[in-house]
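What follows is calculated from the coordinates using simple rules that are stated; it is not laboratory data. No experiment lies behind these values; they were computed from the predicted model shown. In this analysis, Cβ positions are derived from the backbone assuming ideal geometry, glycine residues included, and neighbour counts consider all displayed protein chains.
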Amino acid sequence: MSEHIKAKRVTTHVLNEMKLRGEKIAMLTAYDYSMARIIDGAGIDVILVGDSASNVMAGHETTVPITLNEMIYHASSVVRGVKRALVVVDLPFGTYQGNSKEALSSAIRIMKETGAHAIKMEGGREIQESVTRILSAGIPVMGHLGLTPQSIHKFGTYVVRAQEEEEAKKLIEDAHLLEKTGVFGIVLEKIPAKLAEEVAGSLKIPVIGIGAGSKVDGQVLVIHDMLGITQEFSPRFLRRYHNLNREIHGAVEKYINDIKNVDFPNDKEQY
Ligand code: KIV
């Protein structure tokens, strides 16, 4: 086990210290106990129980349908597998937009029922009141700007965001507003690398990118994408570290063959 992995439990303060000393932050999604245990043991800094569970776990086309109860189920499973990483949970669509009281009660349910350490919310000034209310209850909040998949029906497409000056200007303002409001970090999704660099360079809090270039304070990917379980999703920013889809497919084919050929179980594999 490396020194890095033996290090103390990751908190929001540890992430700040990492930014200060220029150490990059490694973040991945997880949605279940077994995967969380593996990636925590490997030394990941932050685990995001993303609402991408709606896509990769439940097979929905968007993140819109996933419910608070479903996120709580995923998050509590993940927390049971984690000893070191900071666990951040997405507040799902419809549980915080436009009603700060409801936002607070959604965040409280996540914290009480899962044991997670923080929540993440999509949006800027539109959600400031909800962010403020949640922070006032002592719950750490992470922001998410750029491509915000919960608003897919407003955008209409998953193309790169903030390429035009006006949208870039709003994103910079939103990032500063979120920092001033008290979020401990911000995810920037699918925006030009230059813009992400400018945002990360002008904020004190850590900025984690996904499709936002290398000049930010850390990176996040969806675990099913980086392990090659999903095959159809191939954006430019995705680096696949494995082809688990092919591996699993091959292993299952072999298992089926072994059964059909009465090779499994053999004499040593029975009582
Ligand atoms: O839900 C998710 O997986 C996310 C990441 C893409 C940042 O929000």
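FRET efficiency for the Ser202 to Asn266 pair, using the beta carbon distance and R₀ = 51 Å, is estimated at 0.20.
Shape class for the stretch 1-136: oblate, because the ratio a/c of the largest to smallest gyration tensor axis (alpha-carbon atoms, square roots of eigenvalues) is 1.5 or more and b/c is at least a/b.
Contact order normalised by length for the stretch 1-122, with contacts defined as Cα pairs under 8 Å and 6 or more residues apart; what percent is it? Intermediate values should be presented prior to the final figure.
Working: 199 pairs, mean separation 30.7, N = 122.
The value is 25 percent.
Using the rule -39500 (n - 2.57) for each DSSP H run of four or more residues, divided by the residues of the chain, the 222 nm mean residue ellipticity is -12500 deg cm²/dmol.
With r as the distance between the Cβ atoms of Leu238 and Lys154 and R0 = 25 Å, compute the FRET efficiency 1/(1 + (r/R0)^6) and round to 0.05.
Details: r = 24 Å, r/R0 = 0.95.
Efficiency, from the Cβ-Cβ distance: 0.55.
Here is the list for the stretch 180-271: GluC sites (Glu not before Pro) lying in DSSP coil, each with at most 16 other C-beta atoms within 10 angstrom of its C-beta, are Glu232. Around Val187, what is the net charge, scoring Lys/Arg as +1 and Asp/Glu as -1 over all other residues with Cβ under 13 Å from its Cβ? Surrounding charge for Val187 is -3. Relative contact order for the stretch 3-240: 17 percent, from Cα pairs under 8 Å spaced at least 6 residues apart, divided by residue count.
Within the chain, the longest run free of exposed loop sites, counting trypsin sites (Lys or Arg not before Pro) that sit outside DSSP helix and strand states (H, G, I, E, B) and have at most 15 other Cβ atoms within 10 Å, spans 84-203.
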